[in-house]
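A quick write-up on the structure given underneath.
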Amino acid sequence: MLPYEVCAIALDNRGRLQLKAISGMSSLPLGDAKVAQIEEILRWLATQPETLRLSRREDSPDRAELPEPVTRHFDESGYRGLFSLPLVDDQGRVGLLLYESSDPDFLDLPHIEMIKILAGQATVAIRNALLYREVPSSTSSSR
């Protein structure tokens with residue numbers, strides 16, 4: 001349904017994004033190059049408050065239009081398209097979704113709308129989990 005090569009999710013942990021999952025990886029091995037590349041771009045994306053759709057086309061070698069961290073990430077990863085969407089509700093940021101592809105034009109408007117719906121649902125689910133975690137567990141009293 002969505003034509004991406006990599007999808008990652010990072011969750012907010014005390015104001016800092018922490019990478020939690022990457023598509024196609026059952027774990028996030030320490031020292032893995034792919035994990036390190038995504039963590040590095042996430043550090044920059046964490047400073048961006050809005051949705052970003054960035055790409056580099058081979059027929060347009062001008063790199064001045066892209067922020068330096070994105071240019072470096074594209075050089076290292078081989079990807080040419082990036083879409084990031086902060087997971088935000090009325091209480092603040094809970095995380096960030098990241099999609100990447102070697103095709104700079106990998107997402108059309110219907111794809112982006114699907115991602116926004118998914119992001120909204122994920123935001124609600126994450127916030128509910130955070131709220132549930134804060135609820136004190138009741139101990140069953142003896143009858």
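Pairs are defined by a Cβ separation below 9 Å, a sequence spacing of at least 6 or placement on different chains, a first member in the stretch 14-32 that is open to solvent by less than 80 Å² (accessible area, probe 1.4 Å), and a second member that is among the basic types (Lys, Arg); the pairs so defined are Gly15/Arg93; Leu17/Arg43; Leu17/Arg93; Ile22/Lys34; Met25/Lys34; Leu28/Lys20. Restricting attention to the stretch 62-71 and to residues that are without any contact (Cβ under 8 Å) to a residue 12 or more places away in the chain and of a type outside the set (A, V, I, L, M, F, W, C), the residue that is least open to solvent (accessible area, probe 1.4 Å) turns out to be Asp62. Evaluate the stretch 68-83: report whether one residue or more is closer than 25 Å to Val124 by Cβ and part of a loop (DSSP other than H, G, I, E, B). No, because not a single residue in the stretch 68-83 is closer than 25 Å to Val124 by Cβ and part of a loop (DSSP other than H, G, I, E, B).
Restricting attention to the stretch 1-10, the residues that are open to solvent by 50 Å² or more (accessible area, probe 1.4 Å) and at pLDDT 95 or above total 2.
If you check Asp75 against the conditions, is it open to solvent by 20 Å² or more (accessible area, probe 1.4 Å), acidic (Asp, Glu) and without any contact (Cβ under 8 Å) to a residue 12 or more places away in the chain?
When the stated conditions are applied, Asp75 passes them.
Taken over the stretch 88-109, the criterion of being among the aliphatic types (A, V, I, L, M) and in contact (Cβ under 8 Å) with a residue 60 or more places away in the chain is satisfied by Val94, Leu96, Leu97, Leu98, Leu107.
When the stretch 33-54 is filtered for residues that are more than 17 Å from Gly81 (Cβ to Cβ), open to solvent by less than 50 Å² (accessible area, probe 1.4 Å) and in a loop (DSSP other than H, G, I, E, B), only Ala46 remains.
Quick check on Asp59: is it under 21 Å from Tyr4 (Cβ atoms), assigned to a loop (DSSP other than H, G, I, E, B) and either in contact with a His (Cβ under 9 Å, 6 or more places away or on another chain) or open to solvent by 20 Å² or more (accessible area, probe 1.4 Å) (or both)? The answer is no for Asp59.
When the stretch 108-129 is limited to residues that are open to solvent by less than 60 Å² (accessible area, probe 1.4 Å) and within 15 Å of the chain's Cα centre (by Cα), the one that is nearest to Arg53 (Cα to Cα) turns out to be Ile112.
The values are calculated or read from the model by the stated rules, or taken from the named source; none is laboratory data. Computed from a prediction, not measured in an experiment: that's the story for all the values here. Cβ atoms come from the backbone with ideal geometry, glycine included; neighbour counts cover every protein chain shown. Surface accessibility is based on the protein's heavy atoms, side chains included, excluding ligands, DNA and RNA. Shrake-Rupley method; radii C 1.70, N 1.55, O 1.52, S 1.80 Å.
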